[in-house]
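Read the structure below first, then the notes.
Nothing in this text is a laboratory measurement; each read-out follows from the coordinates by a stated rule. Being a predicted model, the structure only gives us computed values, none of them experimental. Here the Cβ positions follow ideal geometry from the backbone for every residue, glycine too, while neighbour counts run over all protein chains shown.
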Amino acid sequence: MRGFICTTSHPDGCAQNVKNQIEYVKSKGAIDGAKKVLVIGASTGFGLASRITSAFGSNASTIGVFFEKPPSEGKTASPGWYNSAAFEKEAHEAGLYAKSINGDAFSNEVKKQTLDLVKKDLGQVDLIIYSLASPVRMHPTTGVLHRSVLKPIGGVFTNKTVDFHSGKVSEISIQPCNDEDIVNTVAVMGGEDWSMWIEALKAENLLAPGATTVAYSYIGPSLTEAVYRKGTIGRAKDHLEATAFSITDSLADINGKAYVSVNKALVTQASSAIPVIPLYISLLYKIMKEEGIHEGCIEQIQRLYQDRLFSGAEVATDEKGRIRIDDLEMRPDVQEKVAQLWNEAVTENLSEISDLEGYRKDFYNLFGFDVEGVDYKAEADEMVNVSSIV
Ligand code: NAI
Ligand code: NA
């Protein structure tokens with residue numbers, strides 16, 4: 001471990017995680033969904049779950065775009081690489097088309113490479129999932145390197161946080177951002193790149209009639225509001241949500257539609273780096289597991305597809321046009337209980353009142369560790385080779 005980053009990963013553990021997600025999707029039955037799917041940010045978290053749900057729920061052909069480190073002799077790949085290798089293997093064995101592009105999705109080059117692949121192999125796509133989470137974006141036209149920050153706007157934010165490795169609860173104060181921080185965070189995590197992707201696909205006639213595109217957002221409770229939804233990242237999510245409307249307008253002639261889905265707080269590489277959020281998640285997990293309503297990425301996305309996007313009925317949205325699969329997290333009784341635990345939380349009682357253990361397990365699972373059914377004593381081969389990832 002170095003800070004919040006695990007510097008190694010386990011190929012078999014990552015593969016087992018992917019297999020478990022595939023089994024879950026298959027156990028829920030067929031979804032009458034899109035058949036030609038492009039997933040941008042396809043290698044981990046919600047994007048990987050989306051790719052798996054499309055492929056194994058709807059027999060879809062999938063192209064995945066991501067930015068991962070391949071293995072080198074004696075050095076493991078990043079988990080998203082192993083996840084993708086395992087996904088492609090399973091997809092090919094099931095007779096499904098699956099190819100991937102490993103590179104910077106913000107760049108013109110990777111967009112062009114992807115467009116060429118869509119044109120050559122699929123003709124058109126009917127679903128585009130946009131699930132990037134990145135701390136930086138090199139702007140393709142200005143050449144400016146934008147860095148996103150996780151800061152409050154307008155005032156210092158002070159609250160509890162936990163170091164989830166040690167279980168130590170402490171108080172953290174985060175200094176407010178400046179105006180440039182907001183601009184930069186919106187440039188990285190807002191909707192500009194999403195709309196660039198859709199424009200580029202449309203310009204080459206690669207969007208099927210009625211094509212749908214979905215990006216992911218988060219709202220969360222008042223506890224985290226100052227650092228999340230009302231902070232710099234929240235401005236980016238506001239921009240992303242507004243972009244859904246402008247994309248929908250731009251797709252009127254092909255009857256296309258852009259949605260934002262608001263998802264539940266979950267342990268991913270992206271969220272573990274945000275202060276305060278891990279404490280919230282470990283308390284939320286405790287309550288949601290007690291209530292029998294806990295979900296991981298795959299349960300969330302399977303439900304998004306089956307009950308919202310492809311239920312056959314009109315897609316249900318909130319007053320701001322957003323799909324809500326954070327409905328269980330945001331249930332008033334759940335939030336009330338979490339807020340109460342939040343007030344009580346100290347280092348001494350945290351292992352009892354929270355699901356810190358579940359948090360840690362999910363975190364190690366991200367890197368392929370602590371996964372049931374994997375023999376960690378056996379020799380593992382880090383040099384996984386996959387020709388369909390370019
Ligand atoms: P993640 O870190 O698991 O996945 C990020 C994906 O983006 C990976 O596939 C990675 O390879 C790819 N990526 C990053 N930079 C890239 C680049 N320059 N070029 C190509 N690919 C790149 O993150 P997670 O949590 O699945 O986030 C996805 C979306 O879901 C984000 O918009 C996030 O804000 C949103 N979300 C996350 C929640 C959470 O609690 N984790 C809750 C609700 C929404
Ligand atoms: Na993702």
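Taking every C-alpha pair closer than 8 Å and separated by at least 6 residues, the mean separation divided by the residue count of the chain gives a relative contact order of 22 percent. Counting only Cβ charges, +1 for Lys and Arg and -1 for Asp and Glu, the dipole size of the chain around its Cα centre is about 540 debye. Within straight-line reach of K168, meaning a Cα separation under 15 Å, sit the following aspartates and glutamates at least 8 residues removed in sequence or on another chain: E344, E348, E352, D355, E357. Using a Gaussian network model of the chain in which every pair of alpha carbons under 10 angstrom is joined by a spring, one finds that among K168, K19, K99 the greatest mean-square fluctuation is at K168.
Quick check: from the Cα gyration tensor, does the chain come out rounded (a/c under 1.5), prolate or oblate? Note, shape of the chain comes out rounded.
Measuring gaps between exposed loop sites in the chain (GluC sites (Glu not before Pro); DSSP loop; at most 12 other Cβ atoms within 10 Å), the longest gap, sites not included, is 74-313. Listed here are the pairs K19/K119; K151/K264; K69/K111; K289/K320; K26/K337; which of them are more than 25 Å apart at the Cα? Beyond 25 Å: K19/K119; K289/K320; K26/K337. Think of the chain as a dipole: +1 on every Lys or Arg Cβ, -1 on every Asp or Glu Cβ, centred on the Cα centre; then among A226, V338, G358, A226 lies furthest on the positive end.
Let's see if you can work this out: charge +1 on each Lys and Arg Cβ, -1 on each Asp and Glu Cβ, no other charges. What is the dipole magnitude of segment 161-313 about its Cα centre, in debye to the nearest 20? Display every interim value, and only then the final one.
Numbers: 12 positive and 19 negative charges, 93 e Å.
About 440 debye.
Backbone amide hydrogens, once placed in the peptide plane, bring I389 within less than 5 Å of S100, excluding anything fewer than 5 places away on its chain. When the Gaussian network model of the chain links Cα atoms closer than 10 Å, the mean-square fluctuations of T317, T243, T114 top out at T317.
Restricting to bridges with both residues inside segment 11-366, how much of the DSSP beta-bridge set is antiparallel, in percent to the nearest 5? Don't skip to the end; give the middle numbers.
Values: 11 of 38 bridges.
Approximately 30 percent, going by the DSSP bridge assignments.
Sequence-ordered 3J(HN,Hα) estimates for segment 192-205 from the Karplus curve with 6.51, -1.76 and 1.60 and θ = phi - 60° stand at 4, 5, 4, 5, 4, 4, 5, 4, 5, 5, 5, 4, 9, 6 Hz, glycine and proline given as x.
Taking a ≥ b ≥ c as the square roots of the eigenvalues of the alpha-carbon gyration tensor, segment 131-174 is classed oblate because a/c is 1.5 or more while a/b is no larger than b/c.
Dipole magnitude for segment 46-192: computed about the Cα centre from +1 point charges on Lys and Arg Cβ and -1 point charges on Asp and Glu Cβ, it is near 80 debye.
Computed 3J(HN,Hα) for segment 183-189, one whole-Hz value per residue from the Karplus formula 6.51 cos²θ - 1.76 cosθ + 1.60 where θ = phi - 60°, is 4, 5, 5, 5, 5, 7, 10, glycine and proline marked x. Taking the chain as a Gaussian network of alpha-carbon nodes connected by springs under 10 Å, the highest mean-square fluctuation of the residues S27, S271, S282 belongs to S27.
Computed from backbone phi, the HN-Hα couplings of segment 23-35 come to 4, 4, 4, 5, 5, 8, x, 6, 10, 7, x, 5, 10 Hz, rounded to whole numbers (Karplus: 6.51 cos²θ - 1.76 cosθ + 1.60, θ = phi - 60°; Gly and Pro given as x).
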